[in-house]
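The values are calculated or read from the model by the stated rules, or taken from the named source; none is laboratory data. If you're wondering where the values come from, they're calculated on a predicted model, not measured in any experiment. Here the Cβ positions follow ideal geometry from the backbone for every residue, glycine too, while neighbour counts run over all protein chains shown.
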There are 2 protein chains.
Amino acid sequence: MCQLLGMNCNVPTDICFSFEGFCARGGKTDDHKDGWGIAFFEGLGCRVFLDDNPSSASPVAAFIRQYPIKSTNVIAHIRKATIGPVKLENCHPFKRELWGRYWVFAHNGDLPTLPCDHQGIYRPVGQTDSEQAFCLILNHIRQRFPDRKPPIQDLYLALQEITAAIAPHGIFNYLLSDGEHCFAHCSTKLCYIVRQAPFAAAHLIDEDITVDFQELTTPSDRVAVIATTSLTDNEDWTPIQPGELLVFQDGLPLHLTP
Amino acid sequence: MCQLLGMNCNVPTDICFSFEGFCARGGKTDDHKDGWGIAFFEGLGCRVFLDDNPSSASPVAAFIRQYPIKSTNVIAHIRKATIGPVKLENCHPFKRELWGRYWVFAHNGDLPTLPCDHQGIYRPVGQTDSEQAFCLILNHIRQRFPDRKPPIQDLYLALQEITAAIAPHGIFNYLLSDGEHCFAHCSTKLCYIVRQAPFAAAHLIDEDITVDFQELTTPSDRVAVIATTSLTDNEDWTPIQPGELLVFQDGLPLHLTP
């Protein structure tokens, strides 16, 4: 299985600490060695760094670990190839443009019975079920809202519909963001933590590294981190329930009506 | 004005030598300091590295200069902002997906009278005339060929049409690639060189660096390099004529009927 990492904040924040522990899972502390990727939203812009090398041995990952890009929305992924060979075009996150905004998507799980749709506006470039699912999501919400991003409650309902149509084809944990909202769907395994004042120290599970967030933050900062499994061993991570779709904005999950 | 650099080859080749000279123009030997970007096609996959720092002072550019990504198609750009502020979303090259392939575009020039089209399938994310032109191109060729990439002669004619419609709005030197073909349109300034056996040494204009390509190549290698102005001072670069649209494949310009 692959691993997901997401971050959604109210002020641009670097993800170096979480990415350090996450990267170790890509071939060092865990067996996800078939590529990795990370997307940073910076304003409307979005940078995606990809590599089909294991993240623990990737020169691009080594560069990212020491380059503190500040972002309000990040999605990262390390891959264990199941459907689709180890190639750059199969590395997550995938990126497309919709309504004049970039959308970024990463998936953990397999969707072996997902039918191919090569007629939609968005089509996969690689061979993964994940990119196929991303295109189905975008085709669905674009069809529903052709002109512009609708109010978040409406978008949430449309996303729930297409997610419920895709999920029965297998395991469908995913992160999806347009730089404003981060959608997190749990099919089997996904959890999150919200860090806000009073900040404390956190210690990674995968590397012996501790960071005291109090030294790095201001009292109004708020950061949600979402991951396949908890990244720290001294904080309480909240499991997202199977079947649940959360939406994060400004570092908090929104309370939307399903 | 911005600067363009493109490479189209018959075997994956690193662009380190050309990029070294090109990067120096981003704030060191020339005044193009408002961001830069480079896109590498690797198979169907495509990595784009962007930075709104000057390329001569960019940590990402420093990383790319020493990381020899091998690619058959590369497009790079350094920016002098004219239309659209210095922001990540305004850095070229821009990337979209069409027919299940990635398309990458970079532009040198201004198109001050280009009308905005916010109704097409492809819409700009940033504020540049360049991204607007890219979206117009993709909307046009998608409308003409909705299902799949047509034979290159047909695509060439459709591209000529939309290019001829956009060009009167200003200056429109551009590079466009889907990883197989590289289209190079000259409005005022663009030139190219084809390097093939027998290979020789080349010396950069912008940095005192010489590379002997004979030591790095095999006799069947062929590499076309396209740039705003020649990058070396001991080779003969061919100027592309104003109004001319060339298509490169496997390191050679194709002979297509306009």
Which listed residue is closer than 21 Å to B:Leu175 by Cα, in contact with a strand residue (DSSP E or B) (Cβ under 9 Å, 6 or more places away or on another chain) and among the polar types (S, T, N, Q), from B:Gln249, B:Gln241, B:Gln214: B:Gln249
Every residue from region B:99-129 that is surrounded by 20 or more Cβ atoms within 10 Å (Cβ to Cβ), within 13 Å of chain A (Cβ to nearest Cβ) and within 18 Å of B:Arg47 (Cβ to Cβ): B:Tyr102, B:Trp103, B:Val104, B:Phe105
Scan of region A:37-69 for residues that are closer than 22 Å to A:Glu97 by Cα and more than 10 Å from chain B (Cβ to nearest Cβ), ordered by number: A:Ile38, A:Ala39
Which numbered condition A:Arg96 misses (of (1) within 25 Å of A:Ile193 (Cβ to Cβ); (2) at pLDDT 95 or above; (3) of a type in the set (D, E, K, R)): (1)
Complete set of residues in region B:157-170 that are assigned to a helix (DSSP H, G or I) and surrounded by fewer than 20 Cβ atoms within 10 Å (Cβ to Cβ): B:Leu157, B:Ala158, B:Gln160, B:Glu161, B:Ile162, B:Ala164, B:Ala165, B:Pro168, B:His169
Test for B:Phe248: is it surrounded by 18 or more Cβ atoms within 10 Å (Cβ to Cβ), within 20 Å of B:Ser71 (Cα to Cα), free of Cβ contacts under 8 Å to residues at least 40 places away in the same chain and not small (Gly, Ala, Ser): no
Hey, A:Ile152 buried (at least 20 other Cβ atoms within 10 Å of the Cβ) and more than 19 Å from A:Arg79 (Cα to Cα) or not: no
Scope region B:203-237; condition outside any loop (DSSP other than H, G, I, E, B) and either on the phi > 0 side of the Ramachandran plot or in contact with a Cys (Cβ under 6 Å, 6 or more places away or on another chain) (or both); matching residues: B:Val223
Enumeration of residues in region A:227-255 that are farther than 23 Å from A:Val11 by Cβ and aliphatic (A, V, I, L, M): A:Ile240, A:Leu245
Criterion: within 18 Å of the chain's Cα centre (by Cα) and free of Cβ contacts under 8 Å to residues at least 40 places away in the same chain - qualifying residue of B:Gln132, B:Gln143, B:Gln160: B:Gln132
Within region A:84-98, tally of residues that are surrounded by fewer than 18 Cβ atoms within 10 Å (Cβ to Cβ) and either over 14 Å from A:Trp36 (Cα atoms) or not hydrophobic (A, V, I, L, M, F, W, C) (or both): 1
Conditions (1) in contact with a strand residue (DSSP E or B) (Cβ under 8 Å, 6 or more places away or on another chain); (2) closer than 24 Å to B:Thr217 by Cα; (3) surrounded by fewer than 24 Cβ atoms within 10 Å (Cβ to Cβ): number failed by B:Gly43: (1)
Filtered residues of region A:134-191 (kept if touching a Ser or Thr at 6+ places or on another chain (Cβ under 9 Å) and aliphatic (A, V, I, L, M)): A:Ile137, A:Leu157, A:Ala167, A:Ile171, A:Leu190
Single unsatisfied condition, A:Val86 versus (1) at pLDDT 85 or above; (2) within 10 Å of chain B (Cβ to nearest Cβ); (3) over 16 Å from the mean Cα position of the chain (by Cα): (2)
